[in-house]
Structure formats: C-alpha cells, structure tokens
Amino acid sequence: DFVMHQVLPFQAVSAEPFTYASDLYVALAQPSASSCSILKWDYVERKLRDFDRIPAHSAVHCKPIVAQDQLYVVVAQLFGGSYIYRWDTAVDKFIKIQDIDSQKIRKPNDIEAFQIEGDWFFVIADSSKAGSTSLYRLNQNGFYSHQALHAWHRDTDVEYVENDGKPRLIISSSSQAPVIYQWSRAQKQFVPQGEVGEMLDVQMVKHFRAKREQFLCLSRYIGDSKVVRWEGQRFVEVQTLPSRGSMVMQPFAVGHRQYLALGSDFSFTHVYLWEEEKQKFAKFQELSVQAPRAFRAVPAADVQLLLAPSFKANTLVYRHVVVDLSL
C-alpha cells in the first residue's frame, strides 16, 4: 500500500533524488516560487527538510549530477536562459558556474544525465519549434556542448536506456513518433537508429526491465497510453491504458515489485502492479494528486518513498508499506 507520509506545502513540476557525501537529498523545480528547492532527508525525524534554494525564475527541471565528488545542478528555465550551479564546499552554497546557450535551448522540457565509458553527459529536450535537443559533456572546467540532436521537432521528453550494452536515447515529440539514437563508439556521438512504432503525440517515454525483457511506457495526454516490449528492432504492444489528461507515466520498482504510476489532470492517479505471469499491469491503488508532473521512488534507508510533485497543489510524499493480511 502507498500511505501519506509527508505533505510539502508547495507546487513543483519535477523531483530528482540524489546522494551526496553520504546524505540523501531531493531537488524540486518550483516555477511558481521561482526556485529550485533542495531538501535533505532527516534520518532521525524520517522527513524531508529544507536545505537550500537556487533562484530559478521559471524552472521546469532541476537536475542534480554528482560527478567526480562534485555536486552540479542543471537548472532548466522556460524564460531567462538555463544555468549550471556547483556546490562550493568552501562556502557551503551553490555557485553559478556557467550558462547554457540560449540559442540552442529555448524552451527546455526534460533533462537526463548519464555516464558513457567514464564520461558524464546530460541531454536537454527542447520543446520549441526553433530549438534543438542538445547533448553536453563534462570536462575539467564544466559542461560543454557535444552534439545537437533532433532539431525543430518540439521535443517533450528524453529517456536514456542501456540495452544489450548499447547506450541509447529515446526522444519523444509533439510532431512525430519517438525516435531512437544509438551511441557510436567510433564517432563518439549518438546516431539515428529508427523510431518507436506508430505512436504520435507521445508526452513521455520511460523504460523498465522485468526479468530479461525491456519495456517502454509511452504516455499520451489525449488518447491511450501504451506499454510495449522492446524486441531488437521491433516493438510489441503489451497493454493499452486509458490516460486522458496524463502528463506522466512512471514505472518504478520497490524491492522486487514493479509498479507503474499513471497521473491525470482530470481524475485520480492510478498505481498499477506488474504481474509477471500475465505480462501485464493490474490496477493496484488510486492516489489523489492534483495535476501530477512526476513520480519518483526514493529509497530512504529503511523507508521507501514515492514523491508526487503537483503543478496545482501541495507536493505529496507517500510511503510504501507492506500490510499483513494473514490474521
């Protein structure tokens, strides 16, 4: 069961848990409060507490990256450019270290960070007609533009997937089916590799593994969302889920249990549980979250949390509990 654990009295549109110097934190983008909030997990009180704030006029995503013992936060803003901050241990605060080229990143929508062959990268999906989803790489001095991907397609989301040892990016957009890029070791960049089925207007792409199989969750705001199984070059539809008003469809695991949270702007959030024998998700629980924009599982020592940032109301923190029904 998922039970209410904590109410965070603010709206948010993204939540990113991270561990730094052995402590657990969460970075939340709060456009209405013009900030990126960094909360720290209190192991005694078992609650998230305010830690710091980074000013961010219209933040849509705050992405923490812990690389080479340094903490960076990439702050993507709808207006006024996007920036990278670094935690300075000498003064115990975040210092702005660089800005991101506003000619390329005009209307950011999502950020993913990952490592390939020891190098750190992040990619920003850009949803502007004139923008371009862009890849950045970390060197000693900061993050530098590495590759422009998928220009002028109003991209909504980007997902990093490692399949059969091959790093891939899946980019969803308003104007076409999600496209796949595969990392070329020779060229040291991503090259186009095809697209995912015939799904148009995909809002978000997320992946999960069940046993040895790889699955993609494709969410749509209008129409049905789908779960597909990735079989080499083809995608087999596994399940269709009604999802009117859905901006987020997030698979997540708690222990050996695989869940899927499907949010909605018009009704309850539905949590589904994966049934291995049937290779399908079954309805598990309804959660009352207003206009959810993300779901993030956070393992906090012996407590398993689910964060649900809300665009219109308080951000909610649920706790995963095991209920003994044997009595």
*Taking H as built 1.01 Å from N, whose amide H comes closer than 5 Å to the amide H of ALA300, not counting residues under 5 places away?*
LEU305
*In the Gaussian network model of the chain, springs joining C-alpha atoms below 10 Å, which of GLU45, GLU198, GLU286 carries the largest mean-square fluctuation?*
GLU45
*Per the chain: cysteines with no other Cys C-beta under 4.7 angstrom?*
CYS217
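Using only Cα atoms, what is the ratio of the radius of gyration of the stretch 3-87 to 2.2 N^0.38 Å? Could you put the intermediate results ahead of the total?
Values: Rg = 12.8 Å, N = 85, 2.2 N^0.38 = 11.9 Å.
Scaled against compact globular proteins, the figure is 1.08.
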*Can you give the translational diffusion coefficient of the stretch 92-201 in µm²/s, computed by Stokes-Einstein from the Kirkwood radius over Cα pairs at 20 °C and 1.002 mPa s?*
148 µm²/s
*asked:* Can you classify the stretch 284-327 as rounded, prolate or oblate using the Cα gyration tensor, where a ≥ b ≥ c are the square roots of its eigenvalues, rounded means a/c under 1.5, and otherwise it's prolate if a/b beats b/c and oblate if not?
replied: oblate
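Could you state the per residue volume, in Å³, of the convex hull enclosing the Cα atoms of the stretch 120-185? All intermediate terms of the calculation are to be shown ahead of the outcome.
Values: hull volume 5.6 nm³, N = 66.
It comes to 84 Å³ per residue, whole-number rounded.
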*Which far-off residues, 5 or more places away or on another chain, put their amide H under 5 Å from the one on GLN176, with H placed in the peptide plane?*
ASP201
*Given the C-alpha centroids of the stretch 251-327 and the stretch 135-164, what is the distance between them in whole angstrom?*
29 Å
*Report the percentage of all Cα-Cα pairs in the stretch 182-317 whose separation exceeds 23 Å, rounded to a whole percent.*
38 percent
_Mean separation of Cα contacts under 8 Å (6+ apart) over length of the chain, as relative contact order %_ = 13 percent
*FRET efficiency for ARG257 and ASP69, Cβ-Cβ distance as r, R0 = 45 Å, nearest 0.05?*
0.85
*Determine which residues of the stretch 196-219 fall in the zone a paramagnetic label at ARG229 would reach in this model, i.e. backbone nitrogen under 13 Å from the point 7 Å along Cα→Cβ.*
210-216
*Between LEU71 and residues 5 or more places away or on another chain, which pairs have amide H atoms under 5 Å apart, with H built 1.01 Å from N, and which residues are they?*
TRP87
*asked:* Rounded to the nearest percent, how much of the accessible area of the chain (1.4 Å probe, protein heavy atoms only) is carbon and sulfur?
replied: 48 percent
*asked:* I'd like the Karplus ³J(HN,Hα) series for the stretch 286-293: coefficients 6.51, -1.76, 1.60, θ = phi - 60°, whole numbers in Hz, and an x wherever there's a Gly or Pro.
replied: 10, 10, 9, 10, 7, 6, x, 10
*Hey, what do the phi angles of the stretch 259-268 turn into as Karplus ³J(HN,Hα) couplings, whole Hz, using 6.51/-1.76/1.60 and θ = phi - 60°, x for Gly and Pro?*
10, 9, 9, 10, x, 8, 7, 10, 8, 5
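Between ILE97 and SER175, what length in nm is gained on full extension when 0.36 nm per residue of separation is reduced by their alpha carbon distance? Mind showing how you got there, number by number?
Numbers: separation 78, 0.36 × 78 = 28.08 nm, distance 3.45 nm.
Length difference between fully extended and current span is 24.6 nm.
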*Kindly list the residues of the stretch 244-258 that lie in the label zone of LYS211, defined by a backbone N under 18 Å from the point 7 Å along the Cα-to-C-beta vector.*
256-258
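The values are calculated or read from the model by the stated rules, or taken from the named source; none is laboratory data. Please read these numbers as outputs of a predicted model, since none were measured by experiment. Positions of Cβ are generated from backbone atoms using ideal geometry, with glycine treated the same way; all protein chains shown enter the neighbour counts. Keep in mind that these areas ignore ligands, DNA and RNA; they rest on the heavy atoms of the full protein, side chains included. Shrake-Rupley method; radii C 1.70, N 1.55, O 1.52, S 1.80 Å.
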